[in-house]
Structure formats: C-alpha cells, structure tokens
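The values are calculated or read from the model by the stated rules, or taken from the named source; none is laboratory data. What you are looking at is a predicted structure, and each value in this text was computed from that prediction instead of being measured. Because the Cβ atoms are built from the backbone with ideal geometry, glycine has one as well, and the counts that use them run over all protein chains shown.
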Amino acid sequence: MTLLNQNYLKLPGSYLFSEIAKKVAAFKAAHPDKSVISLGIGDVSAPLAPAVVEALQKASLEMGSADTFRGYGPEQGYAFLREAILQNDYTARGINLSADEIFVSDGAKSDVANFQELFSPSCVVAVQNPVYPVYVDTNVMAGRTGPFANGAFAGLVYLPCTQQNAFTPDLPHTRADLVYLCSPNNPTGAALTREQLTRWVNWAKANHAVILFDSAYEAFISQPDVPHSIYEIPGAQEVAVEFRSFSKTAGFTGTRCAYTVVPKALQVQDDAGQNYSLNALWLRRQTTKFNGVPYIVQRAAEAVYSPAGKAQTRQAVQTYMQNAQVILSALQNAGLTAYGGVNAPYIWLKTPNGLDSWAFFDKLLSEACVVGTPGVGFGACGEGFFRLTAFNTPQLTQQAAGRIAALTF
C-alpha cells in the first residue's frame with residue numbers, strides 16, 4: 001500500500017485564509033442583500049501601473065513574432081531584470097551584491113515555502129509568534145515539528161511578539177538553526193530597527209544560524225531607522241537570505257513575480273563539517289524544479305524600475321498607507337487600541353472587552369459586514385488581536401473603518 005506523508009496530518013484544519021473564505025461565502029449566501037467589504041486577505045485593489053501594462057503589452061507582441069519569440073528562459077531569471085533589481089534595490093543603497101546572487105521567482109510565498117528544502121530535517125526552526133502561517137506549515141510538512149497541541153507545534157521555537165516587546169521578537173534563549181523574520185511584519189505591522197536587526201545578525205553569526213528574512217513590505221517603510229534590506233547590516237550576507245515580492249509593491253498579486261537573494265558568502269555544513277554554498281544549492285534546486293517566470297512578466301517587473309514605473313507604483317503604495325491611517329484613526333477615535341500602519345499596510349487591533357479573535361471576526365462580519373483576519377490564526381500570541389489590511393480602495397476603506405467605529409462593544 002502507498003503511504004502518505006503523515007506530517008500533513010499534523011496540520012490543524014484548513015489553511016487560515018481558506019477557512020475565512022468559507023465563512024464569508026456562507027454569510028454572503030445567507031445575506032445576498034448585504035454589502036461585504038474585505039479588509040482581510042492581503043490582495044491589492046489598484047490596477048497595474050501604466051508603465052507596467054505598456055511593458056506587458058509590448059512583451060506580449062514580441063512573443064507573437066518569430067524574430068522575438070522566447071521559449072524557456074533562464075531559471076534564475078533574465079539578466080535584464082536581475083540587473084534592474086541589483087541596481088535599484090541594492091547598489092543604490094550601498095549594498096555590494098552581484099546579479100547571480102538574485103533569483104527571480106513566481107512569488108515570495110513559493111520561495112519562503114520551498115527554501116527550507118535545503119536544510120536538514122533535524123534543524124531547529126524559530127518563528128515569530130504571531131507569524132505568517134506559511135513559515136510554520138511548510139516546516140510541519142517537512143517533518144521538523146512534533147504534533148500540534150494547545151496552539152503550538154512541538155519542536156518549534158516560538159518568539160513571542162506582544163505588546164510588552166512592541167511586537168518585535170527577542171533573541172532565542174535556546175538553540176535555533178533557522179530563524180524566520182518578517183520586517184515590516186505581517187500581521188502586526190511592526191518593523192525591526194537597525195539596532196534590533198544588528199543584534200539578530202550578530203546572534204546568527206555567533207550561533208552559526210541562518211536568518212530567512214522576508215522583506216516583502218519594504219516599500220511601505222516610512223521611518224529612517226528601519227532598514228529596507230537586511231544587507232544594510234554589516235555581516236548579514238554571511239547569515240541571511242532575503243525574500244522580496246512585487247505583489248504588494250507593484251500590484252503583482254495575480255501577475256506573479258518576486259525574487260530571492262542568496263549571497264555567495266552564506267555557507268552551511270554537512271554532517272562531516274564540510275562547507276557548501278547555499279547559493280549553489282538553491283540554483284541546483286531551481287534548475288531541477290522550476291522553469292522560470294514568463295518573459296512577459298519579467299519585462300513587466302523590469303518596468304517597475306523605470307522612472308515612470310517608480311512614480312506610479314510609489315503612488316499606489318502611498319494610497320495604501322493613507323488607507324492605513326484612515327483605519328487607524330477611526331479605530332483610535334472609537335476608543336479601540338490599534339497598532340501598525342506606519343511601516344506596513346497592516347493594522348493590528350486589540351479586540352475589545354475580552355472578545356477572542358474568532359468571536360470578533362463573527363461580530364465584525366455579522367454586524368458591520370466587514371472581513372478581517374483573526375489574530376489567533378497567526379499563532380497563540382495573536383489571540384485577542386485582529387488584523388486589518390489597507391489594500392482596498394480608499395472609498396471602501398473609509399466605509400469599512402466607519403462601520404467598525406460605529407459598532408457597540
């Protein structure tokens with residue numbers, strides 16, 4: 001008999017956002033006359049920038065001509081996009097990397113999920129709590145945890161992010177080989193300062209650990225002491241992999257393009273103590289399992305870095321951050337406690353009167369017809385909190401914020 005990977009059986013229920021979608025669909029079916037506004041899943045509402053659409057159209061026409069048609073592209077990404085990424089996101093910030101340390105992909109979610117394949121099942125994993133579920137679930141699937149009980153998986157090192165530490169994680173007190181850090185953070189909106197990130201890099205170097213750094217929301221940073229890249233910290237190239245995405249920055253949630261930086265200076269060891277380059281191993285993995293991002297999508301991503309593309313995508317980011325301030329102000333004026341919305345498009349709301357996260361979800365949906373995300377879905381430390389996103393249109397965001405503020409608690 002064919003046996004399954006029983007690690008999948010450790011996963012409780014369905015994926016968080018699938019569960020939310022089911023609840024919302026059931027509510028809409030029961031109340032077809034109600035207008036439901038979503039501030040839940042982090043999808044964008046603004047269309048692709050005109051410069052991006054123009055590049056997409058031009059590249060599509062190229063694919064229709066024998067002279068300019070392209071089939072399989074390089075698995076690591078076309079040189080034109082990797083060079084644009086290098087010059088604009090790193091060289092411009094004084095970071096010394098090379099184009100062959102950049103790997104273009106179809107999404108940061110895919111890369112974050114897949115990168116753990118390069119490490120031994122015996123590696124101890126540390127995650128922030130609350131945490132983006134993909135970090136946890138993929139390591140559960142890989143067999144790095146024990147069973148799930150009382151809101152946690154045995155074998156994982158959880159780094160509590162609470163009001164007491166301003167939702168930023170303290171260094172682990174026990175062994176951790178892999179640490180997932182997300183800054184600016186999903187779901188809390190908190191961001192690590194240069195000083196805090198320096199402590200993490202120094203800790204990783206001292207403990208021979210690897211930091212998997214998710215900076216998908218770096219374009220939303222507004223405070224000068226928050227690094228846009230972990231490689232702004234001296235020594236980070238020896239200990240950190242960085243994941244970036246065009247999804248929220250440029251509206252590529254449906255177009256699909258991202259990239260991962262794997263420095264050549266970052267090495268890991270086998271059981272015998274022999275060093276190996278993670279860059280070479282990731283390249284080997286990608287050439288085996290991935291055929292690359294479509295040419296037309298990579299040309300569209302390249303256009304994000306054009307003068308017009310920069311201005312147009314920056315405007316979309318500013319609109320979302322204005323939405324965040326609308327939500328934050330409405331909640332605070334209603335006497336609710338809320339955080340975030342400064343360096344990230346997320347608002348982290350403390351549920352009032354001791355309501356648990358799912359009870360608040362039900363109240364918000366049934367009484368205000370607004371969808372958010374229960375904090376407990378991101379981990380035990382998220383209980384009693386609730387995530388709202390700023391990715392809807394300004395008009396609907398204003399309506400949703402007003403509906404929430406008008407509720408009686």
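Key figures for this structure:
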{"quantity": "Residues of the stretch 235-275 that turn out to be at pLDDT below 95 and within 17 Å of PHE290 (Cβ to Cβ), as a count", "calculated": "0"}
{"quantity": "Conditions (1) at pLDDT 95 or above; (2) under 23 Å from LYS22 (Cβ atoms); (3) outside any strand (DSSP E or B): number failed by ILE327", "calculated": "(2)"}
{"quantity": "Enumeration of residues in the stretch 92-115 that are among the polar types (S, T, N, Q) and either under 11 Å from TYR231 (Cβ atoms) or part of a loop (DSSP other than H, G, I, E, B) (or both)", "calculated": "ASN96, SER98"}
{"quantity": "Flag for THR397 being more than 17 Å from PRO187 (Cβ to Cβ) and buried (at least 24 other Cβ atoms within 10 Å of the Cβ)", "calculated": "yes"}
{"quantity": "Subset of the stretch 197-211 [in a helix (DSSP H, G or I) and hydrophobic (A, V, I, L, M, F, W, C)]", "calculated": "LEU197, TRP200, VAL201, TRP203, ALA204, ALA206"}
{"quantity": "Those residues of the stretch 175-190 which are aliphatic (A, V, I, L, M) and either without any contact (Cβ under 8 Å) to a residue 12 or more places away in the chain or over 16 Å from LEU349 (Cα atoms) (or both), in sequence order", "calculated": "ALA176, LEU178, VAL179, LEU181"}
{"quantity": "Residue count for the stretch 147-162, restricted to those that are outside any strand (DSSP E or B) and either in contact (Cβ under 8 Å) with a residue 24 or more places away in the chain or in contact with a helix residue (DSSP H, G or I) (Cβ under 7 Å, 6 or more places away or on another chain) (or both)", "calculated": "7"}
{"quantity": "Subset of the stretch 173-196 [in a loop (DSSP other than H, G, I, E, B) and of a type outside the set (Ser, Thr, Tyr)]", "calculated": "HIS173, ARG175, ALA176, ASP177, PRO184, ASN185, ASN186, PRO187, GLY189, ALA190, ALA191, LEU192"}
{"quantity": "Given (1) at negative phi; (2) without any contact (Cβ under 8 Å) to a residue 40 or more places away in the chain, index of the condition GLY273 fails", "calculated": "(1)"}
{"quantity": "All positions within the stretch 118-146 that are in contact with a Cys (Cβ under 7 Å, 6 or more places away or on another chain) and assigned to a loop (DSSP other than H, G, I, E, B)", "calculated": "PRO130, TYR132, ARG144"}
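Listed here are the residues, each with its yes/no results for (1) under 28 Å from the mean Cα position of the chain (by Cα); (2) within 30 Å of PHE385 (Cα to Cα).
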{"site": "ASN5", "(1), (2)": "yes, no"}
{"site": "PHE17", "(1), (2)": "yes, yes"}
{"site": "PRO47", "(1), (2)": "yes, no"}
{"site": "GLY71", "(1), (2)": "no, no"}
{"site": "LEU81", "(1), (2)": "yes, no"}
{"site": "ILE95", "(1), (2)": "yes, no"}
{"site": "ASP100", "(1), (2)": "yes, no"}
